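The values are calculated or read from the model by the stated rules, or taken from the named source; none is laboratory data. All values derive from a computational prediction rather than experimental measurement. Because the Cβ atoms are built from the backbone with ideal geometry, glycine has one as well, and the counts that use them run over all protein chains shown. Keep in mind that these areas ignore ligands, DNA and RNA; they rest on the heavy atoms of the full protein, side chains included. Shrake-Rupley method; radii C 1.70, N 1.55, O 1.52, S 1.80 Å.
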Amino acid sequence: MKPAPFEYHAPASIGEACSLIGSLEDAKVLAGGQSLIPLLNFRLARPAHLVDINRIANFDRIYERDGGIAVGALARQADVEDSQLVARVCPLLAAATRLVAHRVIRNRGTVCGNLAHADPASELPAVLLALGGHVVAHSARGSRIIPAADFFTSVMQTRLASDELLTEAWFPKSTGRFGIAEESRRHGDFALAGAVRYGDRLALFGVAPTPVLADPRDPARGLQPSADLEATAEFRLHLVQVVTERVFPQ
Amino acid sequence: MKINGTSYPAPGDPRRLLSDHIRHDVGLTGTHVGCEHGVCGCCTVLLDGAPVRVCLMLAVQAEGHEITTIEGLAAPGEALHPVQQAFHECHGLQCGFCTPGFVMSVVGLLRQNPSPTPEQVDEGISGNLCRCTGYASIRRAVHRAAELTKP
Ligand SMILES: Cc1cc2nc3c(=O)[nH]c(=O)nc-3n(C[C@@H](O)[C@H](O)[C@H](O)COP(=O)(O)OP(=O)(O)OC[C@H]3O[C@@H](n4cnc5c(N)ncnc54)[C@H](O)[C@@H]3O)c2cc1C
Ligand code: FES
Ligand code: FES
């Protein structure tokens, strides 16, 4: 067996899922598994309990709410990418989703799982931030809305409490001028640096512990990107200029 | 769960990956395992008709679903599936390690888009790694498969 031992739960409703994650010690939610299962296989994550939300009915809805698009926790990235509604109301979300990994991975991976995972190099958290969207968190205590600007707190850290399930992400209607650009070593890899534009708003990803809003005229100001095997900090700062120019063409 | 039309019980241990279940418990070793973290694409099969990586699923999650592996594309002795035929004709394989994953991904790609452009073909196979054939003949095989699939 690759993963370390865990107890497996497959709740049939949101209420049941919330009461499980609220009462079990050291539980993790399993959505598309495209980030969590690699961590289990490497034993980098060793949760005592896995709460698989894939058996919850009607949790994969993509629908219009408050003029924008609501994406349920089980809506796969591929469904969002193909959705006529998303193409019409929030084309930036469709364009950004196509840059996440590969189609075969997007057939399982969810938009909400991607946001909850909060990888600093992920495209979708930057889209949520650039558009000023929010997520809905549910627990046995009730439900609350967390705006994008408050949600991402650090590398793979969010405001979600350990008893909270992310039930839905909401992206405002955004039919204005948009762009997304990223540079990565190979197609489908996580970005070394990326930029999302909506109107005059610019959000950067891959260059800070969370996605950040930046000034399009001076996007690198105040940034201290980390260095790794794939890129030095200076190279990332250079890429910030490059991707910003690409989403704000002269 | 049904694998290539036959029902199999889910394994008792929830830690069993679907890839290991298909290979070790069911004995269908055509599905290959390379990286076991979603990067190489070798383990791609169809889940309810759409390609997925089985190293990133628990076997218990497949309960109630239909899986098609490379063995399920064409029965022994029968004509090859058009995608298999195209890989054969275009020399889309050398050692064959990556081939089942490529074939299943391409079956999925052509179902989603029967007439892909060259860019869409490249995009469609970008999630699969081949370490020996080289992608030129694989790319040719995908275009040939699209031709063969046309009614
Ligand atoms: C080869 C490869 C390349 C990739 N490339 C990219 C890329 O370029 N860009 C990118 O952004 N991502 C990339 N990813 C990751 C992306 O595919 C994942 O889909 C996504 O990050 C996680 O979504 P998921 O539904 O699979 O979540 P899971 O893997 O199931 O969960 C991820 C985390 O979020 C938590 N979680 C999930 N859903 C909820 C919920 N509803 N409520 C509370 N917590 C929840 C889980 O507990 C876990 O901690 C890549 C993955 C692979 C394997
Ligand atoms: S073995 Fe599953 S993607 Fe490599
Ligand atoms: S044919 Fe050998 S790895 Fe692709």
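Give the value in nm², to one decimal: projected area of the alpha carbon convex hull of region B:14-151, averaged over all directions.
Mean projected area of the Cα convex hull: 8.2 nm².
Taking the Cα centre as origin and putting +1 on Lys and Arg beta-carbons and -1 on Asp and Glu beta-carbons, what dipole magnitude results for region A:178-247, to the nearest 20 debye?
In debye, rounded to 20, region A:178-247 gives about 140.
Please state the charge dipole magnitude for region B:1-64, taken about the Cα centre, from unit charges on C-beta atoms (+1 on K and R, -1 on D and E), reported in debye and rounded to the nearest 20.
With Lys and Arg at +1 and Asp and Glu at -1, about 60 debye.
What is the distance in Å between the Cα centres of region A:58-127 and region A:173-203?
Comparing the Cα centres of region A:58-127 and region A:173-203, I get a distance of 14 Å.
Under a straight-distance cross-link criterion of Cα-Cα below 22 Å, which lysines are reachable from B:LYS150, leaving out those fewer than 8 residues away in the same chain?
Leaving aside lysines fewer than 8 places away in the same chain, none come within reach of B:LYS150.
What's the percent breakdown of Cα-Cα distances in region A:65-142 across 5 Å bins, shortest bin first?
3, 15, 28, 29, 15, 7, 3, 0
For chain A, what is the calculated [θ] at 222 nm in deg cm²/dmol (nearest 500), taking -39500 (n - 2.57) for each run of four or more DSSP H residues and dividing by its residue count?
Per the formula, -7500 deg cm²/dmol.
Taking every pair of Cα atoms in region A:1-100, average 1/r, invert it to obtain the Kirkwood radius, and report Rg/Rh to two decimals.
Value, to two decimals: 1.05.
What is the interface area between chains B and A, defined as buried accessible area summed over both chains with a 1.4 Å probe, reported in Å² to the nearest 100?
For B against A, buried area totals roughly 2400 Å².
How big is the C-alpha Rg of region B:82-149 next to the rule-of-thumb value 2.2 N^0.38 Å, as a ratio?
Working it through for region B:82-149, the quotient is 0.94.
Can you give the accessible area per residue of region A:1-65, in Å², using a 1.4 Å probe?
I get 48 Å² per residue for region A:1-65.
Using a basic spin-label model with each label point 7 Å from the Cα along Cα→Cβ, how many nm lie between B:ASP122 and A:ARG201?
With each label point 7 Å from Cα toward Cβ, the separation is 3.3 nm.
For region A:7-52, report the translational diffusion coefficient in µm²/s to the nearest whole number, using Stokes-Einstein at 4 °C, 1.567 mPa s, and a Kirkwood Rh over Cα pairs.
For these conditions, the coefficient is 120 µm²/s.
Where in region A:12-90 are there GluC sites (Glu not before Pro) that are in a DSSP coil and have at most 11 other Cβ atoms within 10 angstrom of their Cβ?
A:GLU25
Could you tell me what percent of the accessible area of chain B is made up of carbon and sulfur, with a 1.4 Å probe and every protein chain present?
53 percent
To the nearest µm²/s, what D does Stokes-Einstein give for region B:2-72 at 4 °C and 1.567 mPa s, using the Kirkwood radius over alpha carbon pairs as Rh?
The estimated diffusion coefficient comes to 110 µm²/s.
Not counting ligands, DNA or RNA, and with a 1.4 Å probe, what is B:TYR8's accessible surface area in Å² rounded to the nearest 10?
B:TYR8 exposes around 70 Å² with every protein chain in place.
Divide, for region A:176-217, the radius of gyration over alpha carbons by 2.2 N^0.38 Å, where N is the residue count.
So region A:176-217 has a normalised radius of gyration of 1.17.
Under unit Cβ charges (Lys, Arg +1; Asp, Glu -1), what dipole magnitude, rounded to 20 debye, does chain B have relative to its Cα centre?
So the dipole magnitude of chain B works out to roughly 220 debye.
Measure of size requested: the Rg and Dmax of region A:178-247, with Cα atoms as the atom set and Å as the unit; please supply both.
Cα only, region A:178-247: 11.0, 34 Å (Rg, Dmax).
If eta is 0.890 mPa s and T is 25 °C, what Stokes-Einstein diffusion coefficient results for the protein assembly as shown, Kirkwood Rh from Cα pairs, in µm²/s?
Calculated translational D: 112 µm²/s.
Keeping every protein chain present and rolling a 1.4 Å probe, give me the accessible area per residue for chain B in Å².
For chain B, the solvent-accessible area averages 43 Å² per residue.
Please name which of A:ALA140, B:GLY38, A:THR167 has its Cα lying farthest along the dipole of the protein assembly as shown towards the positive end, using unit charges on Cβ (Lys, Arg +1; Asp, Glu -1) and the Cα centre as origin.
The residue sitting farthest along the positive end of the dipole is B:GLY38.
Within chain A, what whole-number % of the accessible surface is contributed by carbon and sulfur, with the 1.4 Å probe and all protein chains included in the calculation?
After summing per-atom areas, the C and S share lands at 49 percent.
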